[in-house]
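Peer 1: Please see the structure below; I have some questions.
Just so it is clear, none of the values below were taken in a lab; they were calculated from the coordinates. Only a predicted model underlies this, so the values are computations on that prediction, with no experimental measurement involved. Virtual Cβ from ideal backbone geometry, glycine too; neighbours counted across all protein chains shown.
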Amino acid sequence: EDKVVQSPLSLVVHEGDTVTLNCSYEVTNFRSLLWYKQEKKAPTFLFMLTSSGIEKKSGRLSSILDKKELFSILNITATQTGDSAVYLCAVDRFYGQNFVFGPGTRLSVLP
Amino acid sequence: DSGVTQTPKHLITATGQRVTLRCSPRSGDLSVYWYQQSLDQGLQFLIQYYNGEERAKGNILERFSAQQFPDLHSELNLSSLELGDSALYFCASSARGFRSGGHTGELFFGEGSRLTVL
């Protein structure tokens, strides 16, 4: 059965800390891996990764994909309280249900 | 603003009732997806449509049904509502096609319809 696993499920840090969120997957017909940030409302898109070893970066956030080991990490440096959210990992597939979501990592950044 | 519009934003109803949630995808997006998110839970995939046809089904209850119309908007019908159906229902759209040759794109989410069943 296709699955996307995220760890940790919950994380509490203080402002200024660096965090690493993990996403591993076992899916057929892998196409791409996506990261989303969900605060109180709709998930918002962060990154799409299709190739191994190429880091995507946006400000303090960065992500990389390892297609051999079937995982991705999302790094957030110098965390701020505004980074508090649920971070969702999803895998897009060529056939069948396109986007398979993981359970999310709930990040709380304390001042 | 993602470009995906969902109505209503909030809905309060009683057990046993029926409701319809509506979604207008981003202009040009052919694929529409419905997700259910209960309190502190992850996104549960319900159903996916591509250009009016059902393409994939998740753990959608038999009491729930959906369709995508020729103008590409979609409706999710929830009937015989139970307390446990209270949740945030998201619609999302994507430019990607069903087959591998389609556009590779991410999902764009609407703001959700919050359903409360009393």
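Peer 1: After finding the eigenvalues of the alpha carbon gyration tensor for the stretch A:59-111, what semi-axes result from the square roots of 5 times each, listed largest first in whole Å? Present the calculation step by step, with values, prior to reporting the outcome.
Peer 2: On the way: eigenvalues 131, 39, 13 Å².
In descending order, the three semi-axes are 26, 14, 8 Å.
Peer 1: Decide, for the protein assembly as shown, between rounded, prolate and oblate: order the square roots of the alpha carbon gyration tensor eigenvalues as a ≥ b ≥ c, take rounded if a/c falls under 1.5, and otherwise choose prolate if a/b is larger than b/c, else oblate.
Peer 2: In terms of gyration-tensor shape, oblate.
Peer 1: How many nm is it between the label spots at A:Lys57 and B:Ser79, if each spot is 7 Å from the Cα in line with the beta carbon?
Peer 2: Those two pseudo-labels are separated by 5.6 nm.
Peer 1: Looking at B:Leu30, A:Thr81, B:Phe45, which one has the Cα that reaches farthest to the positive end of the dipole of the protein assembly as shown (charges on Cβ: Lys, Arg +1; Asp, Glu -1)?
Peer 2: B:Leu30
Peer 1: Just to confirm my numbers, what's the Cα centroid distance between the stretch B:31-85 and the stretch A:1-71 in Å?
Peer 2: Cα centroid of the stretch B:31-85 versus Cα centroid of the stretch A:1-71: 25 Å apart.
Peer 1: Quick one: among A:Ile64, A:Ile73, A:Ile54, which has the greatest mean-square fluctuation in a GNM of chain A with alpha-carbon springs under 10 angstrom?
Peer 2: A:Ile54
Peer 1: Taking Cα pairs under 8 Å and at least six residues apart, what relative contact order does chain A come out at, in percent?
Peer 2: Taking the mean separation of contacting Cα pairs over the length of chain A, I get 37 percent.
Peer 1: Please report, for the Cα atoms of the stretch A:1-88, the Rg to one decimal and the Dmax as a whole number; what are they, in angstrom?
Peer 2: Values for the stretch A:1-88 (Cα only, Rg and Dmax): 13.0, 39 Å.
Peer 1: Over chain B, calculate the relative contact order: mean separation of alpha carbon pairs under 8 Å at least 6 apart, over the residue count, as a percent.
Peer 2: Result for chain B is 36 percent.
Peer 1: Another question, then. Pick out, in residue order, every one of the GluC sites (Glu not before Pro) in the stretch A:10-73 that is DSSP loop and has at most 12 other C-beta atoms within 10 Å; say none if there are none.
Peer 2: Values: sites: A:Glu15, A:Glu26, A:Glu39, A:Glu55, A:Glu69; in loops: A:Glu15, A:Glu39, A:Glu55, A:Glu69.
Of the GluC sites (Glu not before Pro), the ones in loops of the stretch A:10-73 whose Cβ has at most 12 other Cβ atoms within 10 Å are A:Glu39, A:Glu55, A:Glu69.
Peer 1: Right, another one. How many lysine pairs does the protein assembly as shown hold where the Cα atoms are under 16 Å apart and the two sit 8 or more places apart or on different chains?
Peer 2: Values: A:Lys3/A:Lys67; A:Lys3/B:Lys57; A:Lys37/A:Lys56; A:Lys37/A:Lys57; A:Lys40/B:Lys9; A:Lys41/B:Lys9; A:Lys56/A:Lys67.
Close lysine pairs found across the protein assembly as shown: 7.
Peer 1: Here's something else I'd like to know. As an exercise, identify the GluC sites (Glu not before Pro) in the stretch B:1-90 lying in DSSP coil whose Cβ has no more than 12 other Cβ atoms within 10 Å. Each step should come with its number before you reach the end.
Peer 2: Details: sites: B:Glu53, B:Glu54, B:Glu62, B:Glu75, B:Glu82; in loops: B:Glu62, B:Glu82.
In loop regions of the stretch B:1-90 (DSSP not H, G, I, E or B), the sparsely surrounded GluC sites (Glu not before Pro) are B:Glu62, B:Glu82.
Peer 1: Continuing with the same structure: Can you sort B:His73, A:His14 by how many other beta carbons sit within 10 Å, fewest first?
Peer 2: Values: B:His73 15, A:His14 11.
Fewest-to-most ranking of B:His73, A:His14: A:His14, B:His73.
Peer 1: Please compute the average number of Cβ atoms from other chains found within 10 Å of each residue's Cβ in peptide A:32-43.
Peer 2: Taking all residues of A:32-43 together, the mean is 4.
Peer 1: Exactly which chymotrypsin sites (Phe, Trp or Tyr not before Pro) in the stretch A:1-109 are in a DSSP loop and have at most 13 other Cβ atoms within 10 Å?
Peer 2: Within the stretch A:1-109, the qualifying chymotrypsin sites (Phe, Trp or Tyr not before Pro) (loop, at most 13 other Cβ atoms within 10 Å) are A:Tyr95.
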